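Take a look at the structure below.
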Amino acid sequence: MRKSQVAPVITRFAPSPTGNLHVGSARTALFNFLFAKKHGGTFLLRIEDTDKERSKKEFEEDILAGLLWLGIAHDGEPVRQSERAEIYRTYLHKMIESGAAYEAEENQDKTGKVIRFKNPNIAVMFNDLIRGDISFDTIELGDFVIAKDRETPLYHLAAVVDDHETGITHIIRGEDHISNTPRQILIQEAIGAKRPFYAHIPLILAPDRSKLSKRHGAVSVSEYKKIGYLPDALVNFLALLGWNPGTDKEIFSIEELTAAFDIEKVQKGAAVFNEEKLKWMNREHLRALPHEEIAPMVLERLPEDLRAAAYANLDIGQKVLDRVILERIHVLSEVTALADAGEFSFYFSAPHVAREKIVWKKGTPEKTLAHLDKIANILHTASFESPDTIKAALSPYAEKEGRGEVLWPYRYALSGRDTSPDPFTISYVIGKQETIRRIQTARDLL
Ligand code: GLU
């Protein structure tokens, strides 16, 4: 058995509720989840809310909601450190009794005695599943403080007691916690706790290799949700930040990730957060969704009038979704932006058409009128099975007469817009009858 495969595996995600769920923390949670599930183990959630000033209920709620949305489901009820002070005190008092800790003169605000850990001043060595052997000389830590006073244990003691009491076998966390590990190991040894395996995962950096922060854009899971990323896409992307399965496969479901995940293949070096890649992945996941799942998500992002129009014309709505929206968007908020820019309304109702815009810049009204009549004629007998069949029917005429001269008035008559998708797609979406009607409207204007 490999060293990381002791059974049963118990991991935990231990966020401090001092901010919304950050994508970096979400990745830590995900790695803990994937590792536990891969080994048929348990994934626990512990809210580290001992810092009363900075911890907020709203952040805890955001973290829980974010994990739920991502599908990173913890087992059992979350544990809150703020509710466990009594347990930490019991350990603290035992440590004082056994001489592993002692009351020292005064604490910083000089109101009482702090409790210091009696440092045995040994070298601490641990094997990190990602980084290999790491050793620390603990002498420089001195007799560090583990409680503000007899009643108020501090963070490291609380974390070690919790990991011990909940039987955590593997601590997977950000590499910024490496320097906490020797202190925590010393405390473990003092209370007789078994040492868990450690895996310190690499930092996530922005493309400019600075620390990922707000100035690089969205950093919290709730922001990504709002922008219109799919949870499965974000999970897929986060899993590949610092880990890869060693194959070319890039699109994974959470189940596939669970099967493929290997903590020992996590890289040591920092991982770069590439938002373009995330967008691409989101697009792949969007396009892979069955129609009945994607349709409500898109409808929800449409303004009221367009949503009503789509319900009233289901056939057009479906074609707009398949041929226009899914062709163009990477994230769902683009649906709203495109709708607001008028990119969809002409599919559902005839656009306003300006006479002076119908004629191609090198064309004349007379010739354009003739072109429009001819197009209507050709389309009358053309197959509307797909945009391609429409294109095939019109191409010989457009090639002969000049693409711009023929296709501009045709496209403009359909959309009333200077830019829009190609006219074959629009015709396909709105259908033969409506196409011919719009062409006639334009030719009548001329
Ligand atoms: N509460 C710590 C954090 O949010 C986690 C520490 C740990 O995982 O041991 O970074």
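Just so it is clear, none of the values below were taken in a lab; they were calculated from the coordinates. This is a predicted model, so every value here is computed, not measured. Note: ideal-geometry Cβ built from the backbone for every residue, glycine included; neighbour counts use all protein chains shown.
Partner aspartates and glutamates whose Cα lies under 13 Å from the Cα of residue 357, excluding those fewer than 8 positions away in the same chain, are identified as 405, 418. DSSP beta bridges fully contained in region 1-127 are about 35 percent antiparallel. Sorting 265-274, 135-144 by average packing, meaning the other beta carbons within 10 Å per residue, from highest down gives 265-274, 135-144.
Report, to two decimal places, the Cα Rg of region 187-307 normalised by 2.2 N^0.38 Å (N = number of residues).
Normalised by 2.2 N^0.38 Å, the Cα Rg of region 187-307 equals 1.35.
When the P(r) of the chain is calculated, the portion above 40 Å amounts to 41% of the C-alpha pairs. Under a Cβ-Cβ cut-off of 11 Å, what is the net charge of the residues other than residue 104 that fall near it, where Lys and Arg count +1 and Asp and Glu count -1? Residues near residue 104 contribute -2 overall.
The packing ranking of peptides 92-103, 152-163, 368-379, highest mean first, is 152-163, 368-379, 92-103, where packing means the average number of other beta carbon atoms within 10 angstrom of each residue.
Packing order of peptides 34-47, 326-339, highest average first: 34-47, 326-339 (average count of other Cβ atoms within 10 Å over each peptide's residues).
Helix 275-288 and the long axis of the chain differ in direction by around 60°, with both axes built from C-alpha atoms.
With the cut-off at 21 Å, tell me which of the pairs 52/94; 37/225; 226/279; 148/194; 225/319 have Cα atoms farther apart than that. Mind showing how you got there, number by number?
On the way: 52/94 25 Å; 37/225 25 Å; 226/279 14 Å; 148/194 25 Å; 225/319 26 Å.
As for pairs spanning more than 21 Å Cα to Cα, those are 52/94; 37/225; 148/194; 225/319.
What does the helix-only formula give at 222 nm for the chain: each DSSP H stretch with n ≥ 4 adding -39500 (n - 2.57), the total divided by the residues, and the result rounded to the nearest 500 deg cm²/dmol? Helix-only estimate at 222 nm: -14000 deg cm²/dmol. Distant-in-sequence amide contacts of residue 145, defined by a placed amide H-H separation under 5 Å and a gap of 5 or more residues or a different chain, comprise 117. If you add up the charges near residue 406, with Lys and Arg at +1 and Asp and Glu at -1, over every other residue whose beta carbon is less than 10 angstrom from its beta carbon, what do you get? Computed value for this residue: +2. Note on the chain: with a GNM built from Cα contacts shorter than 10 Å, the maximum mean-square fluctuation among 104, 199, 310 falls on 104.
Across the chain, Cα pairs under 8 Å and at least six residues apart give a relative contact order of 12 percent. Normalising the average separation of contacting C-alpha pairs (under 8 angstrom, six or more residues apart) by the number of residues puts the relative contact order of region 165-236 at 28 percent. What is the local net charge at residue 393, summed over the other residues whose Cβ is closer than 12 Å to its Cβ (Lys, Arg +1; Asp, Glu -1)? So the environment of residue 393 carries a net charge of +1.
Check the straight Cα-Cα distances from residue 38 and name the lysines below 22 Å, setting aside those fewer than 8 residues away within the same chain. Result set, ordered by chain and number: 3, 249, 265, 268.
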